[in-house]
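Below: the structure, in structure tokens.
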Amino acid sequence: MTGTATQDATRTERAPALRPLTTNVGMEVCGIDLAHPAPADLSFIIDAFNTHGALLFRGQNLSNEQLVGFSRSLGDLDEAPVNENGQTAVPGLPELYVISNIEGTDGAPIGSLGSGEAAWHTDMSYLENPPDASLLYAIEIPPAGGDTWIANMYATLDHMPADLRSQIEGRTIKHDGTYNSGGYVRQGLVANDDPLTCEGTLHPAVCAHPVTGRPVLYLGRRRNAYVDGLSLEESEALLDALWAHATRPEFCYAHKWRIGDVLMWDNRATLHRRDEFDATARRLMHRTQVRGKSVPRPA
Ligand code: SIN
């Protein structure tokens, strides 16, 4: 990840610092205002991001344009997918994706994913060239629930039993494009629960991270996944074992949101999921995605 940011003449000098979120994944970045990042802040963020896989910035106060502007300083942005309401996000800002259960005046949700659980996944891995990074900004949060979990796929692979690892070396996995993580059928597709025939893309099971070069497990999402070349039964058994290992608690961080948090994760090195929350409560998040600079390559 490379980029530039504009210096704001009014910002005060202070050294950014990192604080671990948990043992195996993520850092909180203290002392950076994402609305006015300096070039030195940006290189600090990029180094920390590539090393730690997920970064949390508390207490941010960003307009839509500032969220998009900061995200763009990390690389080109993807346009947001079409929301479940059939609309593309925010007029004039096609890069902004709205994740929300809040209903608009027409009674339809203003964003995607509702209030249910969002299953473990990495963003848009059904594409040939999935996004490198995602940034999620909390605007409204429910009083309880809706935590976002991150799992570290370097640590998962590093601690994988040898017999399990030997079964995936050199293999590819199909990443389903039919359903989003909330279980909704994506716009333009039809429901299909057959891993052999569903829409999707094959990616290496173990990738070389394009920046760090480290081998990393690349699972995408469980639903409709398929290990190419195996019988469906063998593939299901292997995937069940991989997912049980990859989401063990010691590889995970559960983020309890505060308004103004920005959580940023590396889609090439992490999985994420979301807890359900009370459907009558309001949750509003804005997401941007930094476009993939290279397709996933085998380690
Ligand atoms: C996502 O899966 O990208 C959204 C996670 C969340 O709503 O916390």
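The values are calculated or read from the model by the stated rules, or taken from the named source; none is laboratory data. This is a predicted model, so every value here is computed, not measured. FYI the Cβ positions are ideal-geometry reconstructions off the backbone, even for glycines, and counts take in every protein chain you see. All accessible areas refer to the heavy atoms of the entire protein, side chains included, with ligands and DNA or RNA removed. Shrake-Rupley method; radii C 1.70, N 1.55, O 1.52, S 1.80 Å.
Let me check I've understood the local charge: for residue 295, count other residues with C-beta under 13 angstrom from its C-beta, Lys and Arg +1, Asp and Glu -1. What total comes out?
Result for the neighbourhood of residue 295: +2.
Can you give the accessible area per residue of the chain, in Å², using a 1.4 Å probe?
Averaged over the residues of the chain, the accessible area is 43 Å².
Could you tell me the center-to-center distance, by alpha carbons, between region 47-94 and region 198-268 in angstrom?
Between the Cα centres of region 47-94 and region 198-268 lies a distance of 22 Å.
What translational diffusion coefficient, in µm²/s and rounded to a whole number, does the Stokes-Einstein relation yield for region 71-141 at 20 °C and a viscosity of 1.002 mPa s, taking the hydrodynamic radius as the Kirkwood radius over Cα pairs?
158
Along the Cα→Cβ direction, 7 angstrom out, place labels at residue 230 and residue 248. What is the inter-label distance in nm?
1.8
Which of 182, 53, 31 ends up with the largest GNM mean-square fluctuation for the chain, with Cα atoms connected below 10 Å?
31
Just subtract the alpha-carbon distance of residue 241 and residue 214 from 0.36 nm times their residue separation and send over the number in nm, one decimal.
Net length gain for the segment: 7.5 nm.
Let me make sure I get this right: for region 158-264, a, b and c are the square roots of the gyration tensor eigenvalues over alpha carbons, sorted descending. Under 1.5 in a/c it's rounded, otherwise prolate if a/b > b/c, else oblate. Which is it?
Cα axes put region 158-264 in the oblate bin.
Report the trypsin sites (Lys or Arg not before Pro) located in region 12-81 that are in a DSSP loop and have at most 15 other Cβ atoms inside 10 Å of their Cβ, or state none.
Passing both the DSSP loop test and the Cβ count: 14, 58.
In nm, to one decimal, how far is the modelled label at residue 164 from the one at residue 47, with both set 7 Å along Cα→Cβ?
Simple spin-label model gives 3.4 nm for this pair.
If I take the Cα coordinates of region 134-219 and project them onto the principal axes, what are the three extents in Å, biggest first?
Result, largest extent first: 42, 34, 24 Å.
Quick check: at a probe of 1.4 Å, how many percent of the accessible area of the chain sits on carbon and sulfur atoms?
Roughly 52 percent, rounded to a whole number.
I'd like the projected area of region 19-290, averaged over all directions, using the convex hull of its alpha carbons. Report it in nm² with one decimal.
14.1
Along region 98-115, what does the Karplus equation 6.51 cos²θ - 1.76 cosθ + 1.60 (θ = phi - 60°) give for ³J(HN,Hα), rounded to whole Hz, x for Gly and Pro?
Calculated HN-Hα couplings, in order: 9, 10, 6, 9, 5, 9, x, 5, 7, x, 8, x, 7, x, 10, 6, x, 10 Hz.
Residue 63 to residue 23: FRET efficiency via 1/(1 + (r/R0)^6), r the Cβ-Cβ distance, R0 45 Å, to the nearest 0.05?
So, using R0 = 45 Å, E works out to roughly 0.80.
With a sphere of radius 13 Å drawn around the Cβ of residue 104, what net charge do the other residues whose Cβ falls strictly inside it have (Lys, Arg +1; Asp, Glu -1)?
-2
Using alpha-carbon pairs under 8 Å, 6+ residues apart, how would you state the relative contact order of the chain in percent?
Computed value for the chain: 30 percent relative contact order.
Would you calculate the separation in nanometres between label points at residue 297 and residue 279, each defined as 7 Å from the Cα along the Cα-to-beta-carbon direction?
4.7
Helix-derived [θ] at 222 nm for the chain: sum -39500 (n - 2.57) over DSSP H runs of at least 4, divide by residue count, nearest 500?
Dividing the helical sum by the residues of the chain leaves -5000 deg cm²/dmol.
So what are the ³J(HN,Hα) numbers for region 268-284, from phi and the Karplus equation (6.51, -1.76, 1.60; θ = phi - 60°), rounded to whole Hz, Gly and Pro as x?
Rounded to whole hertz, the list is 7, 10, 9, 10, 9, 8, 9, 6, 5, 8, 4, 5, 8, 7, 9, 9, 9.
Quick one: Debye curve from the C-alpha atoms of region 103-165, no solvent, what's log10 I(q)/I(0) at q = 0.21, 0.23, 0.29 Å⁻¹?
-1.16, -1.24, -1.33
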